[in-house]
Amino acid sequence: MIALRRAAQGDEAEIARVNVEAWRQAYAALVPPAMARAVTLARRRPMWQALIGRHETTHPTWVAVDAAAGVVGFATGSPAGSPVEGFQGELHMLFVAPGFQRRDVGRRLFHAMADGLVAAGAGSAVATVLEAPSAVGFCQALGGVALGDADLDIAGVAVHQTLFAWPDLANLPTQPDLDP
């Protein structure tokens, strides 16, 4: 059984592992090779140590924990500072380890993050995702509305991204069969 809880100090290395594995699976083929090589445990661990240790109130993180495998997914967001007028919160990242995808983990993490944002006063949120079919499909399955898209220049390579919005986090659809 996979349990959800707020991330705590001591989870950083496992979150970084999931971050790197799932990011590479979803995005490595879409970005320049140098960027794909730059997504490493050595770079992600310090980032997660800062987020979990010093920024947990501004960037709360939820983890999915399997009794045998440890952390198998995470979601992080912020209840304030949305880059889009009229939306309060932002989903920064949601990743599920490759061996645990399509098991309802991502949807459950998204709902936990949404509930946390609502409790913190953010009734709506946005997320920008690179144009990977699994990421786009996941956002759409959870009621995300595409507000726009653009090409992001990464080391001279145009990488397509889409901005999704959830105008009402308190009323999200549930579709457990569409999990990244």
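See the values below:
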| item | result |
| --- | --- |
| Within the range 51-71, tally of residues that are surrounded by 13 or more Cβ atoms within 10 Å (Cβ to Cβ) and in a helix (DSSP H, G or I) | 2 |
| Residues of the range 79-98 satisfying the condition of being outside any loop (DSSP other than H, G, I, E, B), touching a helix residue (DSSP H, G or I) at 6+ places or on another chain (Cβ under 8 Å) and crowded, with 20+ Cβ neighbours inside 10 Å | Gly89, Leu91, Leu94, Phe95, Val96 |
| Any hit, the range 137-151, residues being polar (S, T, N, Q) and in contact with a helix residue (DSSP H, G or I) (Cβ under 8 Å, 6 or more places away or on another chain) | no |
| Output for the range 118-175, where each listed residue is more than 15 Å from Leu94 (Cβ to Cβ), small (Gly, Ala, Ser) and either at pLDDT below 85 or exposed (fewer than 13 other Cβ atoms within 10 Å of the Cβ) (or both) | Ala119, Gly121, Gly148, Ala150, Ala155, Gly156, Ala158, Ala170 |
| Only one of Ala26, Ala34, Ala13 that is in a helix (DSSP H, G or I), at pLDDT below 90, touching a Leu at 6+ places or on another chain (Cβ under 9 Å) and on the phi < 0 side of the Ramachandran plot | Ala26 |
| Some residue of the range 118-128 being in contact (Cβ under 8 Å) with a residue 60 or more places away in the chain, farther than 20 Å from Met1 by Cβ, in a helix (DSSP H, G or I) and out of contact with any Leu (no Cβ under 7 Å at 6 or more places or on another chain) | no |
| Selection count where residues are among the β-branched types (Val, Ile, Thr), under 14 Å from His92 (Cβ atoms) and at pLDDT 90 or above, scope the range 37-62 | 1 |
| Unique match (being in contact with a Phe, Trp or Tyr (Cβ under 8 Å, 6 or more places away or on another chain) and within 28 Å of Ala8 (Cα to Cα)) among Val145, Val63, Val71 | Val63 |
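The values are calculated or read from the model by the stated rules, or taken from the named source; none is laboratory data. Note that the structure is predicted; figures quoted are calculated from it, not measured. Here Cβ is always computed from backbone atoms with ideal geometry, including for glycine, and neighbour counts include all displayed protein chains.
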